[in-house]
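J.: My questions all concern the structure below.
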Amino acid sequence: MRMVDVISKKRDGKELTTEEIQFVVDGYTAGKIPDYQVSALAMAIFFQDMTDRERADLTMAMVNSGETIDLSAIEGIKVDKHSTGGVGDTTTLVLAPLVAALDVPVAKMSGRGLGHTGGTIDKLEAIEGFHVEITKEQFIDLVNRDKVAVIGQSGNLTPADKKLYALRDVTGTVNSIPLIASSIMSKKIAAGADAIVLDVKTGAGAFMKTDKDAENLAHAMVRIGNNVGRQTMAVISDMSQPLGFAIGNALEVQEAIDTLKGEGPEDLTELVLILGSQMVVLAKKAKDLDEARAMLKEVMANGKALAKFKDFLNNQGGDGSIVDDPSKLPQAKFKIDVPAKESGVVSEIVADEIGIAAMLLGAGRATKEDEIDLAVGIMLRKKVGDKVEAGEPLVTIYANKEDVKAVEAKIYENIRVSDKAVAPKLIHTIITE
Ligand code: URA
Ligand code: CA
């Protein structure tokens, strides 16, 4: 087989065979096919697309390019949740202990944040002593015993995706639905998921800025999952404004604790119930979504979800007592209110820009090497659709430096107040095929 023939075939809009896709992925991973030929193929795919069969083959070839995590020693159906990334997206911190409280096994591999989106591991590391550097054996034992554990990303998962993603980044081929969908799904499948719940964000703070793009990506991922034997569904949810009130690591841990008690922000609570119900049903712990939702609300109300969070933190070296006394979380030196300049209704809170404002305070990384400050961040005091009086705080800045002028300016630029506005719809669509 010759790479040039594979490139020409795709350039001409023809369907590649399973063997051809395997040849490309194996050859590229092994360093036998050069970057320039794979770039040409990625560009041909960008323009000519891939069929469902090609997408499934590409995904599985990338899964098999490296190590895969075998979760078969864990009893039950392992349901993973994946979010395409947002601002102040505290859902994983809440969902993991919440569904585990209903005996749904949560064996989660998570990453750190980059840019305006935060990473689950960073948030968890706001808890003194908590660590994700555990062995695979410890990971599996913890999930079998207590139903929830989080491990850091293994370096050897889907090497083909790592190489291809880096190449796409510099060749104008990131924004291709078949390439994005296979990239994301290969990582979930390699991490051992039996079933997958996708939270595809749409809006300013999301990777997909419009509903149409988000839906296309969701359909592509759901089809790949189902075609390779992993039951998959997607929820398209709003990321035009940040989720919940808290943006920043320790602040989001506090928000997760509130939500696990049933006292969290309305939007975060609703999204967690929607995604959680899907997970509980896929894990066959409830007969339908209504039953699952009632079960989730019950463990929020009776304290079981919060107790599960505490056990989970203690199991991985963390100080579980922060659940009862959140003042033990890292605290920022300065709390600075940013008052509204005029009265009206909040009409826009541009999610990605507010995420960048939090990053400027030190809550996120601009480059992979940056250190983050776990205590700092932004608490929204108003959400889109809320009334505000001039002088009332729009947000509170949690900072470890006194001069936050640049952050304040960014907030004024990106939180708009007008005469009238309505809250954006949180759940846009549910996609199952
Ligand atoms: N995220 C991924 O993991 N892969 C892509 O291709 C795009 C976003
Ligand atoms: Ca939040």
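The values are calculated or read from the model by the stated rules, or taken from the named source; none is laboratory data. Fair warning: this is a prediction, and the values are worked out from it, not measured in the lab. Every residue, glycine as well, gets a Cβ built from its backbone with ideal geometry; the counts of neighbours run over all protein chains shown. Side chains are part of the model used for accessible areas, which takes the heavy atoms of the whole protein and leaves out ligands, DNA and RNA. Shrake-Rupley method; radii C 1.70, N 1.55, O 1.52, S 1.80 Å.
J.: Among Ile274, Ile224, which is the only one that is within 16 Å of ligand 1 (Cβ to nearest atom) and either touching a residue at least 24 places away in the same chain (Cβ under 8 Å) or not in a helix (DSSP H, G or I) (or both)?
T.: Ile224
J.: Let me ask something else. Does any residue in segment 54-77 that is within 30 Å of Lys147 (Cβ to Cβ) come within less than 7 Å, Cβ to Cβ, of a residue that is surrounded by 19 or more Cβ atoms within 10 Å (Cβ to Cβ) and polar (S, T, N, Q) six or more places away or on a different chain, and which pairs are these?
T.: Correct list of pairs: Thr59/Ser182; Thr59/Ser186; Met62/Thr158; Met62/Ser182; Met62/Ser186; Val63/Thr158; Val63/Ser186; Gly66/Thr158.
J.: In segment 195-209, how many residues are surrounded by fewer than 24 Cβ atoms within 10 Å (Cβ to Cβ) and either within 16 Å of ligand 2 (Cβ to nearest atom) or modelled with pLDDT under 95 (or both)?
T.: Number of matching residues: 5.
Results for (1) among the charged types (D, E, K, R); (2) in a loop (DSSP other than H, G, I, E, B), shown as yes or no for each residue.
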position	(1), (2)
Gly317	no, yes
Val346	no, no
Glu353	yes, no
Leu360	no, no
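J.: Quick check: is even one residue across segment 29-39 part of a helix (DSSP H, G or I), in contact with a Lys or Arg (Cβ under 8 Å, 6 or more places away or on another chain) and open to solvent by 10 Å² or more (accessible area, probe 1.4 Å)?
T.: Yes, because at least one residue in segment 29-39 is part of a helix (DSSP H, G or I), in contact with a Lys or Arg (Cβ under 8 Å, 6 or more places away or on another chain) and open to solvent by 10 Å² or more (accessible area, probe 1.4 Å).
Residues are listed down the side, and each one gets a yes or a no for (1) modelled with pLDDT of 95 or more; (2) in contact with a helix residue (DSSP H, G or I) (Cβ under 6 Å, 6 or more places away or on another chain); (3) surrounded by fewer than 16 Cβ atoms within 10 Å (Cβ to Cβ):
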| site | (1), (2), (3) |
| --- | --- |
| Ala294 | yes, no, yes |
| Lys304 | yes, no, no |
| Asp311 | yes, yes, no |
| Ser321 | yes, no, yes |
| Asp324 | yes, no, yes |
| Lys328 | yes, yes, yes |
| Lys333 | yes, no, yes |
| Pro339 | yes, no, yes |
| Ser343 | yes, no, yes |
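J.: On the basis of being open to solvent by 10 Å² or more (accessible area, probe 1.4 Å), under 23 Å from Gly86 (Cα atoms) and either free of Cβ contacts under 8 Å to residues at least 40 places away in the same chain or out of contact with any Ser or Thr (no Cβ under 7 Å at 6 or more places or on another chain) (or both), does Ala375 make the cut? Lay out the reasoning, then the answer.
T.: Values: open to solvent by 10 Å² or more (accessible area, probe 1.4 Å): no; under 23 Å from Gly86 (Cα atoms): yes; either free of Cβ contacts under 8 Å to residues at least 40 places away in the same chain or out of contact with any Ser or Thr (no Cβ under 7 Å at 6 or more places or on another chain) (or both): yes.
No: the conditions fail for Ala375.
J.: Collect the residues in segment 228-260 that are assigned to a loop (DSSP other than H, G, I, E, B), away from ligand 1 (no atom under 16 Å from the Cβ) and open to solvent by less than 10 Å² (accessible area, probe 1.4 Å), keeping them in residue-number order.
T.: Pro242, Leu243, Gly244, Gly248
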